[in-house]
Amino acid sequence: MLGYGFMQTALVAAVLVGLTAPTVGVHLVQRRLSLIGDGVGHVALLGVALGLATRTAPVAAALVTAVTGAVLLEVLRHRRSAAADVALSVLFYGGIAGAVVVVARAPAGSAVNLDSYLFGALTTTTRADLVAFTVLAAVVLTVTVGLGRQLFMAALDEDFAVVAGLPVLRLNLLLATVTAGTVVLSMRILGLLLISGLMVLPAACAQQLARGYRSSMLTAVAVGVGVATSGTVVSFYADTPSGGTIVLLAVAVFVLARLARTVRRGTARLADAGAHEDAGAPAGPRSAGPIGPAISRWRGPARPSAG
C-alpha cells in the first residue's frame with residue numbers, strides 16, 4: 001500500500017484532518033454547536049460550485065463563503081437572537097440550493113462535478129492540496145490548542161469570561177473562522193456531508209472516557225487520528241469510500257466508548273452499594289462528572305486566604 005504515491009499523500013492528509021477536526025469539535029460540543037459543521041459545509045458547497053463554474057480556485061471560494069457564513073451565524077448567536085436558529089437553517093438549505101442552481105446554470109463545457117467535494121475523494125489529493133492542508137491545519141491548531149484555555153472558559157460561562165476580561169466575542173468569532181477552515185480542509189478528504197462526523201464523534205468519545213479538558217482534548221485527537229488513518233487503510237483494501245469508512249469507524253468507537261462507560265458506572269455503583277452496606281450506611285450520591293475536575297485543572301491549586 002505504501003508503495004503507491006497517492007496512498008502516501010492520502011495518509012498524510014488523513015493524519016492532518018484527524019489532528020485538527022477533533023480539536024475544533026471539542027469546543028463545539030462544549031458549546032452545544034455540534035451541527036454547525038453541517039451548516040458551514042453546505043455554505044462551503046456553494047463556494048465550491050462558484051469556483052468550479054467560474055473556473056477559479058474552488059478551495060479559496062469555499063473558504064471565503066464558509067468563513068462568511070460562520071461569522072454571520074456567530075454574531076447572531078452572540079446577540080442571543082432567536083434568528084440564530086433560523087440562520088442555521090438558512091445555511092443548511094440556502095447553501096446547498098445555491099450550489100444546485102449554480103451547477104445547473106454553469107456555462108457549457110465547464111467541468112463542474114461536486115461529488116468529490118460532497119463525499120470526499122481522499123486518493124485524489126495532490127501534493128499541492130497537501131501543502132494547502134498543512135497551512136490550514138497549522139492555523140487551526142494554533143487557535144484551538146494555543147488559545148484552548150481562553151476558549152474553554154468562554155464556553156463554560158460566557159458571562160463569567162466577560163467579567164474576567166476575556167474578549168469573548170473575538171474568541172467566538174475566531175473559533176467560527178477556524179471551524180470554517182476545518183470544513184474546507186476536510187472536504188476533499190471526508191466530504192462536506194461527513195466532515196461534521198469527524199469533528200463531533202471523537203469529542204463525544206472523549207466525553208465518555210476522559211475527565212477534564214486536557215485529557216478530553218488528547219483523547220479526542222487520539223480517536224480522530226486513529227479512525228482517520230485506519231479508515232484510510234480499510235477503504236484501500238475493502239475498496240470502499242474513504243470518508244464513509246472513516247466516519248463509520250468513528251461511530252463504532254463511540255458506541256464502544258459508551259458501552260465502556262455504562263459498564264464502568266454500573267460496576268462502581270455496585271461497589272459503592274456493597275461498601276455502604278457493609279458499613280451500615282446508605283449509599284451517597286455520586287459526583288456530577290468531568291466538569292468539576294476540568295475547572296480545577298484550569299484554575300490550579302487554591303490560594304490561601306488573606307486572613
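Quick notes
- Total formal charge among the other residues, if their Cβ is under 13 angstrom from that of Ala10, Lys/Arg +1 and Asp/Glu -1: +1
- Considering only Cα atoms, the convex hull volume of segment 5-196 works out to 99 Å³ per residue.
- For segment 5-196, the Cβ-based charge dipole about the Cα centre amounts to some 200 debye (Lys, Arg positive; Asp, Glu negative; other atoms uncharged).
- For segment 164-175, 3J(HN,Hα) per residue [Karplus equation, 6.51 cos²θ - 1.76 cosθ + 1.60, θ = phi - 60°, Hz, x = Gly/Pro]: 6, x, 7, x, 4, 4, 5, 5, 5, 5, 5, 5
Quick note: the coordinates plus some simple rules give every number you see, no bench work behind them. This structure is a prediction, so every number in the text was calculated from the model and none was measured. Using ideal geometry, Cβ is built from the backbone for each residue, glycine included, and neighbour counts are taken over all protein chains shown.
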